[in-house]
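Here is the structure we will look at, set down as C-alpha cells.
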Amino acid sequence: MEAFAGRTGLTSNRIPKRYLWTDAFAVCNFIGLARMAGSSRYQTLALRLVEQVHATLGKHRADSAQYGWLSGMDDSVGQAHPTCAGLRIGKPLPERRPDEAWDERLECGRAR
C-alpha cells in the first residue's frame, strides 16, 4: 500500500493518477490497516486519498473542453459537495469524438 501511495501521487511529488475502482479498494485497505495496526497514518492516507479522488475525479479532465466541477458549481460549493454530479472513473483516454472512428483496441480505455 505504501508503494501504491507513492506510485499514484498520494505520498509523492508525482502527478496524482486516480482511478475510481482501484482507489475505492485502496481506501478500504487503508482503513483495514489503520484498524489492525492501530496507526493513525493509514487513516490519514485513507482520508487524503478520498480528498484527492474528489478533487480529481469530481472535475472534468484537464484535456476536456469543459472545466471545473462536474456539477457546474463554483469552486467553493463544488469543494463542499464534490460528488453532487457523481465522479468520473478516471480512464486514461478521453471520450471518442463524434467524428472519430470506432477502434475496439482503444474503447476500453476511454472515459464515459
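Any read-out appearing in this document is the output of simple, stated calculations on the displayed coordinates, not a laboratory observation. Source: prediction; values computed, not measured. Heads up, the Cβs are rebuilt from the backbone with ideal geometry, glycines too, and the neighbour counts pull from every protein chain shown.
Counting residues that are over 29 Å from Met1 (Cα atoms) and of a type in the set (Asp, Glu), which helices (runs of 4 or more DSSP H) fully inside segment 40-112 reach at least 1?
Numbers: elements: 40-57, 75-80, 104-107.
The helices (runs of 4 or more DSSP H) meeting that bar are 75-80, 104-107.
Where the second residue is hydroxyl-bearing (Ser, Thr, Tyr) and the first is more than 25 Å from Met73 (Cβ to Cβ) and lies in segment 33-61, which pairs have Cβ atoms under 8 Å and are six or more apart or on separate chains?
From residues that are more than 25 Å from Met73 (Cβ to Cβ), the pairs are Leu33/Ser39; Leu33/Tyr42; Ala34/Ser40; Ala34/Tyr42; Leu45/Thr11.
The rows are residues; the columns are (1) out of contact with any Leu (no Cβ under 8 Å at 6 or more places or on another chain); (2) of a type in the set (A, V, I, L, M).
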| position | (1), (2) |
| --- | --- |
| Phe4 | no, no |
| Lys17 | yes, no |
| Thr22 | yes, no |
| Ala26 | no, yes |
| Phe30 | no, no |
| Ala37 | yes, yes |
| Ser40 | yes, no |
| Arg61 | yes, no |
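Could you look through segment 64-90, keep only residues that are of a type in the set (A, V, I, L, M) and over 17 Å from the mean Cα position of the chain (by Cα), and pick out the one that is farthest from His54 (Cα to Cα)?
Initially, segment 64-90 is screened for residues of a type in the set (A, V, I, L, M), giving 65, 70, 73, 77, 80, 85, 87, 89.
Now narrow it down to the ones that are over 17 Å from the mean Cα position of the chain (by Cα): 65, 73, 77.
Numbers: Ala65: 20, Met73: 14, Val77: 13 Å.
Within segment 64-90, the match that is farthest from His54 (Cα to Cα) is Ala65.
Kindly indicate whether Leu106 is touching a Leu at 6+ places or on another chain (Cβ under 8 Å) and over 20 Å from Asp23 (Cβ atoms). Show your work before the answer.
Numbers: touching a Leu at 6+ places or on another chain (Cβ under 8 Å): yes; over 20 Å from Asp23 (Cβ atoms): yes.
Answer is yes for this residue.
Give segment 1-23 a look and list any residue that's without any contact (Cβ under 8 Å) to a residue 24 or more places away in the chain, surrounded by 12 or more Cβ atoms within 10 Å (Cβ to Cβ) and hydroxyl-bearing (Ser, Thr, Tyr), or say none.
Thr8, Thr22
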